[in-house]
Each structure stands twice: as C-alpha cells, then as structure tokens.
Amino acid sequence: MFGFSLQPSEIMKPIMIVLFSKVLSARGSVDGWGDIVELLFYAGLPALLIAKEPDLGTAALILVIFVSFI
C-alpha cells in the first residue's frame with residue numbers, strides 16, 4: 001500500500017532483544033543449564049514458527065540473538 005511490507009517475524013527481533021534483556025537483568029546472569037534451557041525455549045519456539053513460514057534468515061537471526069545473550 002505504501003511501498004513497503006512488514007512481516008510479523010520482523011517484529012520478533014526487537015521483542016526478543018527486550019525479552020532477553022529483561023529476563024537477564026532480573027537474574028543478573030546465566031547461572032546454569034536451567035537458565036539456558038529457559039532462554040532457549042523463549043528463542044526456540046518463535047524461531048521454529050518463523051522457520052515454518054519459511055523465513056530461515058530471521059529464524060537464524062533470532063538464534064544468533066539468543067547466543068549473543070548467553
């Protein structure tokens with residue numbers, strides 16, 4: 001309509017950054033496997049749904065965001 005399109009997966013990138021920042025600031029750091037599994041769940045579920053679209057680039061970027069916060 002206005003010359004650009006916005007996919008819902010594009011909104012997930014800044015949301016994941018804010019979510020990881022909020023979770024890790026409340027905890028202080030990643031202390032064990034339980035924290036890693038929880039964060040992987042937060043990243044993995046949206047990444048799998050986005051990969052099903054198929055938008056593998058955005059799905060991979062979400063996983064890169066996850067790795068950078070660990």
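Sorted largest first, the spans of the alpha carbon positions of the chain along the three principal axes are 47, 22, 15 Å. Charge dipole (Cα centre; +1 on Lys/Arg Cβ, -1 on Asp/Glu Cβ; no other charges) of the chain amounts to roughly 100 debye.
Filter the trypsin sites (Lys or Arg not before Pro) in the chain down to the DSSP loop ones having no more than 14 other Cβ atoms within 10 Å, then list what survives.
Values: sites: 22, 27, 52; in loops: 52.
Taking the chain and a limit of 14 other Cβ atoms within 10 Å, the loop trypsin sites (Lys or Arg not before Pro) found are 52.
Looking at the chain, which chymotrypsin sites (Phe, Trp or Tyr not before Pro) are in a loop (DSSP not H, G, I, E or B) and have at most 12 other Cβ atoms within 10 Å? Don't skip to the answer; put the middle values down first.
Numbers: sites: 2, 4, 20, 33, 41, 42, 66, 69; in loops: 2, 4.
For chymotrypsin sites (Phe, Trp or Tyr not before Pro) across the chain that sit outside H, G, I, E and B with at most 12 neighbouring Cβ atoms in 10 Å, the list reads 2, 4.
Using a 7 Å offset from Cα along Cα-Cβ at residue 53, what residues in segment 1-35 end up with backbone N under 16 Å from the label point? Hits in segment 1-35 for residue 53 at 16 Å: 4-17. Placing a label point 7 Å from the Cα of residue 13 along the Cα-to-Cβ direction, the residues of segment 48-70 with a backbone N closer than 13 Å are 56-65. Counting each DSSP H run of 4 or more residues in the chain as -39500 (n - 2.57), what helix-only mean residue ellipticity at 222 nm follows after dividing by all residues, to the nearest 500 deg cm²/dmol? Result for the chain: -25500 deg cm²/dmol, rounded to the nearest 500.
Taken together, the values in this text are just the output of simple stated rules run on the coordinates, not laboratory data. The shown structure was predicted, so the numbers you read here are calculated from the model rather than taken from an experiment. All Cβ positions, glycine included, derive from the backbone under ideal geometry; neighbour counts span all protein chains shown.
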